[in-house]
Amino acid sequence: MPVALAPDDIVRSHAEAAANDREPLLVLEPLVGFLAEQGLEAPADLTATPIGDGHSNVTFALSTGVVLRRPPRGPLPPSAHDVLREARLLRALEPTRVRAPGVLAVCDRPEVIGVPFYVMERIDGEVITDVVPDPLATPEQHGLIAHELIDALVELHDTDWRAAGLEGFGRPTGYLERQLRRFNGLWEHNRTRELSQVEEVGAWLAANIPESPPATIVHGDYRLGNTMFAASTPARLIAIFDWEMATIGDPLADVGYMLMHWTEASDVLGKFNLNNVTRGPGFPTRAELTARYEERSGRSVQALDWYVTLALWKAIVFMEGNYKRALTGSTDDPYLRTFGDGVVEIADRALTVSRHGL
């Protein structure tokens, strides 16, 4: 469900913004000017509506039928929420078979709305979170949804990132070691309290780093809720969203992250499990998802418990950062205030997987 707008989120002018206590998310008059410069539809009465959950980069549907992505309000961790990097990747993927939206314009001038942003095409379909749309709500279609999710991921991992012009987008070696260093640093930046589970899991990850397969494009946030399906049968994945964490690295990190979010009928659910629709009849188990990825990609998924634990550990760090934003008042999202308990729940889960496996 889209987040509700606060009165100071969208303003008409920078003069109006200056009268408020905090920066706006959109300033419409200079935005209209930018859209006109780019040859895009730019009416004076432009309006914007938030879409998505709004917990990370902020996404607006503009009344002209396009979508705008910008970072959330600060303060932000170093290198986080880099929408210009995200836009570069999406443009590189346009000639490939990866199912990603096309970029229409990129703005690196903060003076327009206060931060960099980009504009992309709007794609119509269904994002599956807590309910499967009626046409797809059968065991047969449930199975196809899962197959599409895996096949789209394999397409991404099979993309030649060098041929796509992504040299320098990420370093192809040492990805897992860098992940551990980066998220240790982010934890120190984001933490609001002491949690011994986080330290123990981080130490276990560092002591058990597996050998990575050859590097690919890594989405970094790949799960059912970050994809869109056509509304009709047969189930067909038409777009992958939320690319802000993408880089070049170990493809199995995407598999571990996806499996972290995939729930089965026999799972004991916590408060912060997402996409629990996969508990329904016809959806495959995590083991069956893994087997399809191995078959389609030709990669053997080794050390699966390690990759799932890494995904959980990273989720802890991000959730703590969002919780800190809520505590400091840089977001109005009431859901983020509940993340205090969620961080502890996921930290306990990560500790269990590191000790006993999935």
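The values are calculated or read from the model by the stated rules, or taken from the named source; none is laboratory data. Computed from a predicted model, the values in this text were never measured in an experiment. Using ideal geometry, Cβ is built from the backbone for each residue, glycine included, and neighbour counts are taken over all protein chains shown. We work out accessible area using only protein heavy atoms, side chains counted, and drop any ligands, DNA or RNA first. Shrake-Rupley method; radii C 1.70, N 1.55, O 1.52, S 1.80 Å.
Residues in the stretch 15-59 that are in contact with a Ser or Thr (Cβ under 6 Å, 6 or more places away or on another chain), acidic (Asp, Glu) and in a loop (DSSP other than H, G, I, E, B): Glu41 only.
Please work out if Leu237 is crowded, with 22+ Cβ neighbours inside 10 Å and in contact with a strand residue (DSSP E or B) (Cβ under 8 Å, 6 or more places away or on another chain). Walk me through it before giving the result.
Working: crowded, with 22+ Cβ neighbours inside 10 Å: yes; in contact with a strand residue (DSSP E or B) (Cβ under 8 Å, 6 or more places away or on another chain): yes.
Answer is yes for this residue.
The sole residue among Thr129, Thr138, Thr192, Thr173 that is more than 30 Å from Ser63 (Cα to Cα), in contact with a helix residue (DSSP H, G or I) (Cβ under 6 Å, 6 or more places away or on another chain) and open to solvent by 50 Å² or more (accessible area, probe 1.4 Å) is Thr192.
If you check Ser266, Ser212 for being over 15 Å from Pro133 (Cα atoms), touching a Gly at 6+ places or on another chain (Cβ under 8 Å), open to solvent by 20 Å² or more (accessible area, probe 1.4 Å) and part of a loop (DSSP other than H, G, I, E, B), only one passes: Ser212.
Residues of the stretch 178-208 being outside any helix (DSSP H, G or I) and closer than 13 Å to Leu310 by Cβ, which ones?
Residues of the stretch 178-208 outside any helix (DSSP H, G or I): 191-195, 208.
Result: Asn208, single match.
Of the numbered criteria (1) touching a residue at least 60 places away in the same chain (Cβ under 8 Å); (2) at positive phi, the one Trp313 fails is (2).
Exactly one residue among Leu40, Leu149, Leu89, Leu144 is hydrophobic (A, V, I, L, M, F, W, C), over 20 Å from the mean Cα position of the chain (by Cα) and under 27 Å from Tyr257 (Cβ atoms), and that residue is Leu144.
Go over the candidates Gly220, Gly225 one by one and state the one that is in a helix (DSSP H, G or I) and either under 17 Å from the mean Cα position of the chain (by Cα) or surrounded by 20 or more Cβ atoms within 10 Å (Cβ to Cβ) (or both). Lay out the reasoning, then the answer.
On the way: Gly220 fails: in a helix (DSSP H, G or I).
After applying the criteria, what remains is Gly225.
Each residue in the stretch 228-261 was checked for being closer than 20 Å to Leu304 by Cα, at pLDDT below 95 and assigned to a loop (DSSP other than H, G, I, E, B), and 0 of them qualify. In the stretch 85-126, of all residues being of a type in the set (Asp, Glu) and open to solvent by 40 Å² or more (accessible area, probe 1.4 Å), the one that is nearest to Gly220 (Cα to Cα) corresponds to Glu94. The residues of the stretch 155-170 that are in a helix (DSSP H, G or I) and open to solvent by less than 10 Å² (accessible area, probe 1.4 Å), listed by number, are Leu156, His157.
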